[in-house]
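The values are calculated or read from the model by the stated rules, or taken from the named source; none is laboratory data. None of these values were measured; they are calculated from a predicted model. We place every Cβ from the backbone using ideal geometry, glycine too, and count neighbours over all the protein chains shown. Each accessible area value is taken on the protein alone, full model and side chains, heavy atoms only, with ligands, DNA and RNA left out. Shrake-Rupley method; radii C 1.70, N 1.55, O 1.52, S 1.80 Å.
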Amino acid sequence: MKKVQSTCNYCSIDCNLDFYVEGNQVVKTVPTRGYPVNDGFCCIKGLSLDKQQATVKPGRLPKIRQEDGSYQEVPWEEGFRHVAGKLKELQEKYGAESVAGISTGQLTLEEFAIFGHVMRNYLKTNVDGNTRLCMATAVVAHKQSFGFDAPGFTLKDLELSDTIIFIGANPVVAHPVLWGRVRQNSVPGHKVIVIDPRRSETAMNADYWYGLKWRSDLLLCYTIANQLIEKDYLDHNFIQGHTEHFEEFKEFVKGYTLERGAEGTGLSPGQITELVELIHAGKRVSFWWTMGVNQGYEAVRTAQAIINLALMTGNIGRPGTGANSITGQCNAMGSRTFSNTAAFFGGGDFTNPARRGRIAQVLGVEESMLAEKPTKTYNQIIEGILAGEIKGLWILCTNPRHSWTNNETFAEAVKKLELFVVQDIYDTIESAEGCTVFFPVVPGIKKEGTYINLERRLSAMRPVLERGENEISDYEAILGVGRALGMGDALKGWETPQGCFRLMRECSRNMPCDFTGVTWEKLENSHGVQWPYPEGKEEENREEQRRLYEDGIFFTPSKKAQFVFEEVRENPLPATKEFPYILNTGRGSVGQWHTQSRTKEVKFVEDVSVKKAYLYMNTRLAKEQGIQEMDQVRVVSVNGQWADFAVKVTENVQYEELYAPIHYIECNKLTPSLYDPYSKEPSYKATPVRLEKKR
């Protein structure tokens, strides 16, 4: 029996697991002891990765849709030539940007990179990722406030903080290993505080819950900031030495009085004052946010309002502190930094001559081959298809027919495509129903590459099982199309994931994410390595859990963090007489994941999961509407769509709010085509709706 250490490719924690293999079958899966992230602990999803060993059957080949609507299997090389030929044909007929790609946060770093090289560099077209749906807000906030997309914390900070504040985050369900770190906190008198409209599972386990009104979190943060300033609960030395634009911010928040904050958030003045005092009393205060903040129409400014609170109180760069974004997917960090979509590999502006020269040198190509501008965003790609401007789409490891906001618009878009390539381990996902080409690829337990978790830790994915006949990885599928396109020497060095890793490592040199001191071999059977980890400085970075900004130096031109702020916007989609209720969305259970294409094969999860769409409704509202437990209701959205749900009655949602898990396609049928102006992340969390009880 052999043991293979590899990385779980579900959520952003990136637990490491030991797979015990015999006869090319996983016989036991054990969380890796001593690994800094999960140290022998794991959730049900990771422990069930072995269920994917039978997902891709030997002999599966690409499928191409025929004129009569049927699919024909073809050899891989023919599949590559077909897709490459159609991409070139469409570009010749309609222009370079008439084809596009959408990737994910679940591929390896190397797969992101080669897809960006083929599509963005060689084809000069657009590629966005489903990370746009979850982390784009945090990325923009980090860049504007810190100068680079660089969350500074390490997970150890959860054990060292005396005041842990979760804002729009529910780690008990969404990140149970992270919550395990909270439970390990042994700081005397430490407090856990939750700010969330819903009394979530995390709120139920917290010391304090502040159930504010939907989409009032930015107003609350500005009100708190004003109170901290009025009471002089500030770290003046940190503000003066390490930040800019505080005086302007101080003047700005004067308009956010305690009375205004209470009226707009639904919290009492006493509750807001209590929260201010809790922040002031803490010696090591950490703020943690995720999708409840990121998925809103003024999300970037909300994230930055949280960052501002940490900066003004000096709660950043020290153990147990920080304004810390909790990432969603397993390699969203790898996608953000190495996909070649919003910035060059390793970061940097597409128009910066020095950076262009450096990347061209590393890749061994002419500078003219490199992408010249950031990609069109996810929403612009879908809108471009609907407008008839984009004729070909290639999606990898994502299911936008289910997960895209106002998802009927994606269904409409697919009908307009002349080429729709779906590359996935499942041909049963909703998005595959309309594809013209399906590329079946292997799951993570049969491929190799690198992942970067939410605390910047690189870890190794290594093949647990040998592949069967015709089985190939995402990397090999992209490489095959690249070769069929005729890229030739432009693919020199890209022949294997290991070669790609070396290229990306060199692209990172002298950037904030520098990991030139990391080798492919060093990651194997290791404890992972957090970037930055530059070559020649391995000794000074030997600690396994490191945070950024301990020296008070940031990545902005001035080396100082920026106070960024803007007036609270009027809600573009308020509740009305016609649509009096607000639909909130989020995770349903620990075992369910996104669109359930992967977790459906885990029997335990399936056995305990509700089979059809449901929502939570407040007890009083249900009584007024004459609705009882598991009654069916029709929910009609302001976006013009409707869907049916079973009702679960609870006191844990507020009177005017409903809460629906995202794992059912009905959920995002109802969410609107509304986006943050800076990150273009969809506003999933506060949709005006009305109810119709089904008879």
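What does the accessible area per residue of the chain come to in Å², with a 1.4 Å probe and no ligands, DNA or RNA counted? Intermediate results must be reported in sequence, preceding the final value.
Values: 25000 Å² over 695 residues.
Spelled out: the 1.4 Å probe surface of the chain, per residue, equals 36 Å².
Protein chains only, probe 1.4 Å: how do E389, E159 rank by accessible area, largest first?
The most accessible residue leads, giving E389, E159.
Whole percent per 10 Å bin, from 0 to the bin with the longest distance: what is P(r) over all C-alpha pairs of segment 329-472?
In order of increasing distance, the bins hold 10, 28, 35, 25, 2 percent.
With every protein chain in place, what's the accessible area of L133 (1.4 Å probe, Å², nearest 10)?
Approximately 10 Å² for this residue.
When the distances between all Cα atoms of segment 268-316 are binned every 5 Å from zero, what whole-number percent does each bin get?
Going out from 0 Å in 5 Å bins, segment 268-316 shows 5, 19, 23, 21, 23, 8, 1 percent.
Could you give the nm distance between label points at S70 and K3, where each point is 7 Å from its Cα heading toward the beta carbon?
Placing both labels 7 Å along Cα→Cβ, they lie 5.2 nm apart.
Residues in segment 427-458, backbone N under 20 Å from the label point at N525 (7 Å along the Cα-to-beta-carbon vector): list them, ranges by number please.
What the label zone holds, given the 20 Å backbone N cut-off, is 445-451, 458.
Taking the Cα centre of segment 315-430 as origin, sum charge times position over the Cβ atoms of Lys and Arg (+1) and Asp and Glu (-1), and report the length of that vector in debye to the nearest 20.
Numbers: 11 positive and 12 negative charges, 99 e Å.
The calculation lands at about 480 debye.
When the Cα centres of segment 375-407 and segment 506-542 are compared, how far apart do they sit, in Å?
Between the Cα centres of segment 375-407 and segment 506-542 lies a distance of 35 Å.
Can you give me the relative contact order of segment 336-407 as a percent, contacts being Cα pairs under 8 Å and 6 or more apart?
Result for segment 336-407 is 19 percent.
Just checking my list (1) 16, 43, 28, 10, 2, 0; (2) 16, 41, 33, 10, 0; (3) 18, 54, 27, 1 against P(r) over Cα pairs in 20 Å bins from 0, in percent computed from this structure; which label fits?
The value computed from this structure is option (3).
Using r as the Cβ-Cβ distance of S673 and T257, and R0 as 25 Å, what FRET efficiency do you calculate, to the nearest 0.05?
The calculated FRET efficiency here is 0.15.
Restricting the calculation to Cα positions, tell me the Rg (one decimal) and the Dmax (whole number) of segment 470-516 in Å.
12.8, 40
Assign one of three labels to segment 354-407, namely rounded, prolate or oblate, based on the Cα gyration tensor with a ≥ b ≥ c the square roots of its eigenvalues; rounded applies when a/c is under 1.5, prolate when it is not and a/b is larger than b/c, and oblate otherwise.
Prolate is the answer for segment 354-407, as a/c is 1.5 or above and a/b outweighs b/c.
In terms of the Cα gyration tensor, with a ≥ b ≥ c the square roots of its eigenvalues, is segment 586-666 rounded because a/c is under 1.5, prolate because a/b exceeds b/c, or oblate? Spell out each step's value before the answer.
On the way: a/c = 2.21, a/b = 1.63, b/c = 1.36.
It is prolate, given that a/c is not under 1.5 and a/b is the larger ratio.
Just want the answer: with Cβ charges of +1 for Lys and Arg and -1 for Asp and Glu, which residue in A203, T223, F252 is farthest toward the dipole's positive end in segment 188-271?
Farthest towards the positive end: A203.
What is the sum of charges around E408, taking Lys and Arg as +1, Asp and Glu as -1, for the other residues whose C-beta is under 12 Å from the C-beta of E408?
On the way: positive: R401, K415, K669; negative: E412, E430, E666.
Net local charge, E408 excluded: 0.
Packing-wise, with mean Cβ within 10 Å as the measure, how do 245-255, 174-184, 193-203 rank, highest first?
193-203, 174-184, 245-255
Quick one: accessible surface of H402, probe radius 1.4 Å, all protein chains present, in square angstrom to the nearest 10.
Number for this one is 0 Å².
Treating segment 486-551 as a set of equal point scatterers at the Cα positions, no solvent, please give the Debye-formula log₁₀ I(q)/I(0) at q = 0.15 Å⁻¹.
-0.54
Say R0 is 56 Å: what FRET efficiency, to the nearest 0.05, do S558 and M630 get from their beta-carbon distance?
0.45
Please work out the Cα convex hull volume for segment 25-125 and give it in Å³ per residue.
Numbers: hull volume 16.7 nm³, N = 101.
Per residue, the Cα convex hull of segment 25-125 comes to 165 Å³.
Any chance you could count the Lys pairs in segment 62-160 whose alpha carbons are under 29 Å apart, treating pairs 8 or more apart or on different chains as valid?
9
Radius of gyration and Dmax for segment 249-357's Cα atoms, expressed in Å?
Reported Rg and Dmax, both Å: 18.1, 57.
Expected output is a single nm value to one decimal: the length gained when fully extending between A281 and R542, i.e. 0.36 nm times separation in residues minus the C-alpha distance. What is it?
Working: separation 261, 0.36 × 261 = 93.96 nm, distance 3.33 nm.
Full-extension gain reported as 90.6 nm.
With every protein chain present, what accessible area does L123 have (1.4 Å probe, heavy atoms only), rounded to the nearest 10 Å²?
Spelled out: L123, probe radius 1.4 Å, area about 10 Å².
So, in nm, how far is label D349 from label D427 when the simple model puts each one 7 Å beyond its Cα toward the Cβ?
In this crude label model, D349 to D427 measures out at 4.8 nm.
Jot down the radius of gyration and Dmax of segment 554-695, Cα atoms only, both in angstrom.
Final numbers for Rg and Dmax: 18.2, 64 Å.
On a C-alpha basis, how far is the centre of segment 100-174 from the centre of segment 238-303 in Å? Whole number, if you could?
23
Treat each spin label as a single point 7 Å out from the Cα along the C-beta direction, and report the V187 to D489 distance in nm.
5.7
Pulled fully out, how much extra length does the chain show between E578 and I44, if you take 0.36 nm times their separation in residues and subtract their Cα-Cα distance?
Going from the current span to full extension adds 188.0 nm.
Taking all pairs of distinct Cα atoms, average 1/r, flip it, and tell me the Kirkwood hydrodynamic radius of segment 107-148 in Å to one decimal place.
By the Kirkwood definition, the hydrodynamic radius is 11.7 Å.
Helix-derived [θ] at 222 nm for the chain: sum -39500 (n - 2.57) over DSSP H runs of at least 4, divide by residue count, nearest 500?
Numbers: 25 runs with 207 residues, N = 695.
When only DSSP H runs of four or more count, the value is -8000 deg cm²/dmol.
In whole percent, and with a 1.4 Å probe on the protein chains, what portion of the accessible area of the chain is carbon and sulfur? Don't skip to the end; give the middle numbers.
Working: 11830 of 25000 Å².
Looking at the chain in its full context, I get 47 percent from C and S.
If you put +1 on each Lys and Arg Cβ and -1 on each Asp and Glu Cβ, how big is the dipole of the chain around its Cα centre, in Debye rounded to 20?
That gives the chain a dipole magnitude of about 680 debye.
Estimate the FRET efficiency between D607 and K415 by the formula 1/(1 + (r/R0)^6), using the beta-carbon distance for r and 45 Å for R0, to the nearest 0.05. All intermediate terms of the calculation are to be shown ahead of the outcome.
Details: r = 36 Å, r/R0 = 0.81.
Using R0 = 45 Å, I get an efficiency of 0.80.
Relative contact order of the chain, please, whole-number percent, based on alpha carbon pairs below 8 angstrom and at least 6 residues apart.
20 percent.
What list of whole percents do you get for P(r) of segment 67-160, with Cα-Cα distances grouped in 10 Å bins up to the one holding the largest distance?
P(r) over segment 67-160, rounded to whole percents: 13, 28, 33, 14, 9, 3, 0.
Provide the percentage of antiparallel DSSP beta bridges, counting only those with both residues in the chain; round to the nearest 5.
Antiparallel bridges: around 45 percent, rounded to the nearest 5.
Students sometimes get this wrong: rank M511, M119, M1 by accessible area, probe 1.4 Å, all chains present, largest first.
Sorted descending by solvent-accessible area, the residues read M1, M511, M119.
First select every other residue whose beta carbon is under 12 angstrom from the beta carbon of V590; then total the charges, Lys and Arg +1, Asp and Glu -1.
Spelling it out: positives minus negatives among the neighbours equals +1.
Determine the relative contact order of segment 524-623: mean sequence separation of Cα pairs under 8 Å and six or more apart, normalised by residue count, in whole percent.
Rounded, it is 10 percent for segment 524-623.
Treating each Cα of segment 176-314 as an identical point scatterer and ignoring solvent, apply the Debye formula and state log10 I(q)/I(0) at q = 0.12, 0.15, 0.17 Å⁻¹.
Ignoring solvent entirely, the Cα scatterers give -0.48, -0.77, -1.00.
Shape call for segment 143-255 from the C-alpha gyration tensor, a ≥ b ≥ c root eigenvalues: rounded (a/c under 1.5), prolate (a/b greater than b/c) or oblate? List each step's numbers first, then the result.
Working: a/c = 1.83, a/b = 1.44, b/c = 1.27.
Prolate, since a/c reaches 1.5 and a/b exceeds b/c.
Return the aspartates and glutamates within reach of K391: Cα separation strictly under 19 angstrom, same-chain partners fewer than 8 residues apart disregarded; answer none if there are no such residues.
Within the straight-line limit of under 19 Å, K391 reaches these aspartates and glutamates: E67, E89, E92, E97, D128, E383, E408, E412, E418, E433.
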